[in-house]
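J.: Okay, here's the structure, questions in a sec.
Taken together, the values in this text are just the output of simple stated rules run on the coordinates, not laboratory data. Here the structure is a predicted model, which means the values were calculated and not measured. Here the Cβ positions follow ideal geometry from the backbone for every residue, glycine too, while neighbour counts run over all protein chains shown.
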């Protein structure tokens with residue numbers, strides 16, 4: 001088994017990879033332990049269930065990724081550029097993943113959330129929490145752009161929900177069709193919804 005100091009982290013890394021590349025339902029505790037190279041007894045030392053492990057893994061992964069989100073949506077960056085960066089990063093991340101594992105994986109939160117939303121209360125709550133935080137980033141950029149007179153969006157929260165749904169819909173479509181190039185036009189769609197011209201286009 002992994003050392004006590006790293007077994008927990010190995011389990012969290014393994015479950016995220018397995019459920020993102022496959023599915024939550026098809027991933028077993030035995031598979032997670034095998035992937036993590038951790039004995040099953042150690043799994044139950046740290047976690048009561050697969051759901052508890054997945055929720056903890058999502059929380060830890062978010063803490064790791066939050067600085068990147070903070071940088072993308074930094075208040076020092078013009079608001080429309082923040083949204084452009086959000087779209088660019090989404091496209092580039094999926095391209096990189098496609099190169100690494102041979103397929104487009106889409107958004108892990110939406111992929112997992114749509115699968116477990118009616119089954120796993122704890123896990124569903126964690127997914128909703130993180131999605132809410134991402135929504136706030138988008139909302140803040142829209143609110144600032146409205147305040148600057150760049151767009152007309154007095155209800156920033158509602159507009160953010162629309163943009164978030166649009167971007168995640170493209171992510172899901174890219175996963176289904178295994179085509180990351182669908183995401184190249186995300187920024188164009190976002191700025192069209194906001195009623196502004198696209199700041200710049202992703203290079204071919």
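J.: Taking the chain as a Gaussian network, Cα atoms linked when under 10 Å apart, which of 113, 13, 22 shows the biggest mean-square fluctuation?
T.: 22
J.: Which of these, 166, 91, 45, has the largest mean-square fluctuation under a Gaussian network model of the chain (Cα springs below 10 Å)?
T.: 45
J.: Under the definition of Cα pairs under 8 Å and six or more residues apart, what whole-number percent is the relative contact order of the stretch 1-56?
T.: The value is 45 percent.
J.: Measure of size requested: the Rg and Dmax of the stretch 1-103, with Cα atoms as the atom set and Å as the unit; please supply both.
T.: Spelled out, the Cα radius of gyration and Dmax of the stretch 1-103 are 16.7, 51 Å.
J.: Would you give the gap between the C-alpha center of the stretch 147-192 and the C-alpha center of the stretch 6-26, rounded to a whole Å?
T.: Answer, in whole Å: 28.
J.: Hey, for a label at residue 21 modelled as a point 7 Å past Cα toward Cβ, could you say which residues of the stretch 56-96 have their backbone N under 13 Å away?
T.: Those under the cut-off are none; the list is empty.
J.: Answer rounded, prolate or oblate for the stretch 70-121, using the Cα gyration tensor with square roots of eigenvalues a ≥ b ≥ c: rounded when a/c is under 1.5, else prolate when a/b is larger than b/c, else oblate.
T.: oblate
J.: What three numbers, in Å, describe the spread of the alpha carbons of the stretch 34-152 along their principal axes, ordered from the longest?
T.: 58, 32, 25
J.: If I take every Cα pair under 8 Å that is 6 or more residues apart in the stretch 65-177, average their sequence separation and divide by the length, what percent do I get for the relative contact order?
T.: Contact order relative to length: 30 percent.
J.: Which length gain, in nm to one decimal place, applies between residue 101 and residue 150 when the Cα-Cα distance is subtracted from 0.36 nm times their residue separation?
T.: Gain on extension, residue 101 to residue 150, equals 13.7 nm.
J.: When 150, 37 are ordered from fewest to most other Cβ atoms inside 10 Å of their Cβ, what list results?
T.: So the residues, fewest neighbours to most, are 37, 150.
J.: Which residues among the stretch 81-107 fall inside the zone where the amide N is under 17 Å from a point 7 Å beyond the Cα of residue 177, along Cα→Cβ?
T.: 91-92, 94-95, 98, 103-107
J.: Neighbouring Cβ atoms within 10 Å as the yardstick, rank 89, 33 fewest first.
T.: Lowest count first: 89, 33.
J.: How many Å³ per residue does the convex hull of the Cα positions in the chain occupy?
T.: Cα-based convex hull of the chain, divided per residue, equals 122 Å³.
J.: Order these by the 10 Å Cβ neighbour count, fewest first: 109, 170, 131.
T.: Ascending Cβ contact count within 10 Å gives the list 131, 109, 170.
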